[in-house]
Amino acid sequence: MKIEMKAKSKKLRVGNYYRVSLEEQAEGFSLEAQDAVLRAYCEKMGYELVDVYCDDGYSGKDYERPEVQRLFKDILIDDKLDAILIWKVDRLSRNNSDIMSLIDKDLNPRKKKILVSTCDIDSSTPTGRMFISLLGTFAEYERETIIDRVHLGMDKRAELGKWNGGIVLGYDSINDSLEVNEQEMEIVKSIFTMRSEGIGYKKIAATLNDRGYRTKESKKKKAEMFTISAIRVILNNEVYIGNLKWKKQTLKGIHKPIIDMQLWHKVKKVDEAQSEAYSTNRNFKGNLFLTGILRCPKCGAGTVMSKSKMRNGEGYHYYYMCQASHSKGSAACQSNLVRREDVESKVLDAIRKLVNNTEIMNGIVEKFEFEKQQGFAQQSKEISILKKEKRATEAKLLKAENEYENDEITASTFSRLSDKYHVKIDELDKSIAILNREIEKINHSNSVSTEVISEALINFNELFGIASAEEKKALIRSIVKEIQMEQNRKDIKKITFWFSSILGLPSGEMRRTVS
């Protein structure tokens, strides 16, 4: 009996993996159909079916799929399987390098393999590996061809003057065509009319906001107050005169213009005149060194420079003004002007007092060391959040690719979504890289001493006295993170330094302890 047991060959343990698109379902290759084919193949070959793995609705672009990850864990880590059984190579991945890397780096060293039922391919044999490589190359080529066709289609649409997607105030995108939105059209016309009369961007934005008008709303973005930049973009958008911008080209569109050429050219002349006046008459460049870090005492927004002529006409009074009010008008906030004389000297005095207060300096060092340790954990957590957001964005991209392949969305919609998601992924990659560099700095940073910080502040005082206006602004920002004003707009409520996100010094007598 024992001799018979030894002679009996061990069954190959396999896991069936399948993935399907709606288009393939229409052709009869549903998930159920694939499951039946793979089960029949298992029975025919005498394999032991351990488990089945199905990713429904996921693209084969890469391995960012829940079931394929579970499959890899079972075969590579838990040793539950000897082989992966698939119907076609592109079910596992459309990226040939991913397929070959899986075989050469993960499966072969563990004596595992891929089996393809449609043509009896075994990746553990030289011939099987060659055929899988060829099939994977074809699958990758097919996917790239689809993307190329999308971009070629969009180029052709643009050449014909057709809209390739996106939202624009004054129009609605209906069936990938721009149709005039009568209500929004009146807003656009009023913007151009006001500008043609010499009214500035700020006044135009404030007027619209006071009237209750808002920017165009979409599924992804809520309507917002108009800003200076929003007005500038509208006034420079050639869509309103019937043109399209595509790959740095100006093309004639087939949509109905909202603005006539006479009004357009009149606006351009106003822009040129004001631009020339601004460049020749500007006599003040960045001397308000607290711009941006000084907060509005009412809404907490940043501040920008404002000035008014002195009564004798020989100079100007300079103020810090609420940025929200500056860019959006009184509908967003009041100007809440802060005289530069009431704040700048007090900030400089606070910085100088730090050097002479040993208790505060020691508190800064202690808190800096504490935050350095906390920073690693916090930044690691932020990286984890960003990676999760990246995976979610990649999933949306894959979904869009699937929908395009299945003719569920148009070429222009796919291109718009694809560009949007790729930009988002690039931004997340950059943010993750920055945080990784910060962690590296934390790991390799030298311990901070009271002498080091004192020296930095002493050097600051020396440098500030001889620095240019822009250099002063840079020096202040290297020390001060944020300044909060009291409601009277004369006294400083709190100064927060970069040394510590916890440390804040009041405008009155310096605290004896750090809080």
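The values are calculated or read from the model by the stated rules, or taken from the named source; none is laboratory data. Computed from a prediction, not measured in an experiment: that's the story for all the values here. When we count neighbours, we look across all protein chains shown, and the Cβ atoms used for this are built from the backbone with ideal geometry, even at glycine. Surface accessibility is based on the protein's heavy atoms, side chains included, excluding ligands, DNA and RNA. Shrake-Rupley method; radii C 1.70, N 1.55, O 1.52, S 1.80 Å.
Whether a residue is assigned to a strand (DSSP E or B), at negative phi and either out of contact with any helix residue (DSSP H, G or I) (no Cβ under 6 Å at 6 or more places or on another chain) or open to solvent by 70 Å² or more (accessible area, probe 1.4 Å) (or both) was assessed, and residue 308 passes this test. Contact annotation: residue pairs with Cβ atoms under 9 Å, 6 or more positions apart or on different chains, pairing a residue in the range 220-246 that is free of Cβ contacts under 8 Å to residues at least 12 places away in the same chain and over 18 Å from residue 260 (Cα atoms) with a partner that is part of a helix (DSSP H, G or I) and open to solvent by 70 Å² or more (accessible area, probe 1.4 Å), are 220/420.
Per the listing 120, 74, the residue uniquely among the acidic types (Asp, Glu) and free of Cβ contacts under 8 Å to residues at least 12 places away in the same chain is 120. Among the residues making up the range 163-197, those that are out of contact with any Phe, Trp or Tyr (no Cβ under 9 Å at 6 or more places or on another chain), free of Cβ contacts under 8 Å to residues at least 24 places away in the same chain, surrounded by fewer than 19 Cβ atoms within 10 Å (Cβ to Cβ) and outside any loop (DSSP other than H, G, I, E, B) are 172, 174, 182, 183, 186. Hey, could you check the range 2-30 for residues that are at pLDDT 80 or above and under 13 Å from residue 86 (Cβ atoms) and say which is surrounded by the fewest Cβ atoms within 10 Å (Cβ to Cβ)? This residue is 15.
Total residues in the range 202-247 satisfying the condition of being polar (S, T, N, Q) and either touching a Cys at 6+ places or on another chain (Cβ under 8 Å) or not in a helix (DSSP H, G or I) (or both): the figure is 6. Exactly one residue out of 414, 464 is modelled with pLDDT of 70 or more, under 30 Å from residue 246 (Cα atoms) and among the aromatic types (Phe, Trp, Tyr): that is 414. Scanning the range 53-69 for residues that are outside any loop (DSSP other than H, G, I, E, B) and either over 17 Å from residue 81 (Cβ atoms) or open to solvent by 50 Å² or more (accessible area, probe 1.4 Å) (or both) yields 56, 66, 69.
When residues in the range 325-356 are screened for being more than 15 Å from residue 303 (Cα to Cα), in a helix (DSSP H, G or I) and of a type in the set (Gly, Ala, Ser), 2 of them pass.
Just for the range 156-200: of the residues that are more than 29 Å from the chain's Cα centre (by Cα) and of a type in the set (Val, Ile, Thr), which one is farthest from residue 265 (Cα to Cα)? So, considering only residues that are more than 29 Å from the chain's Cα centre (by Cα) and of a type in the set (Val, Ile, Thr), the one farthest from residue 265 (Cα to Cα) is 180.
Taking the criterion of being open to solvent by less than 60 Å² (accessible area, probe 1.4 Å) and under 11 Å from residue 490 (Cβ atoms), the residues of the range 338-348 that qualify are 338, 342, 343. In the condition set (1) among the basic types (Lys, Arg); (2) at pLDDT 90 or above; (3) outside any helix (DSSP H, G or I), residue 44 is compliant with all but (3). The residue of the range 185-215 that is modelled with the lowest pLDDT, among those that are in contact with a helix residue (DSSP H, G or I) (Cβ under 7 Å, 6 or more places away or on another chain) and of a type in the set (Lys, Arg), is 202.
Within the range 77-121, restricting attention to residues that are open to solvent by less than 10 Å² (accessible area, probe 1.4 Å) and either in a loop (DSSP other than H, G, I, E, B) or among the small types (Gly, Ala, Ser) (or both), the residue that is farthest from residue 45 (Cα to Cα) is 93. Is there a residue in the range 122-130 that is open to solvent by 60 Å² or more (accessible area, probe 1.4 Å), in a helix (DSSP H, G or I) and either at positive phi or acidic (Asp, Glu) (or both)? Within the range 122-130, none of the residues are open to solvent by 60 Å² or more (accessible area, probe 1.4 Å), in a helix (DSSP H, G or I) and either at positive phi or acidic (Asp, Glu) (or both). Being touching a residue at least 24 places away in the same chain (Cβ under 8 Å), closer than 30 Å to residue 392 by Cα and of a type in the set (Lys, Arg): is that true of residue 110 here? Criteria not met by residue 110.
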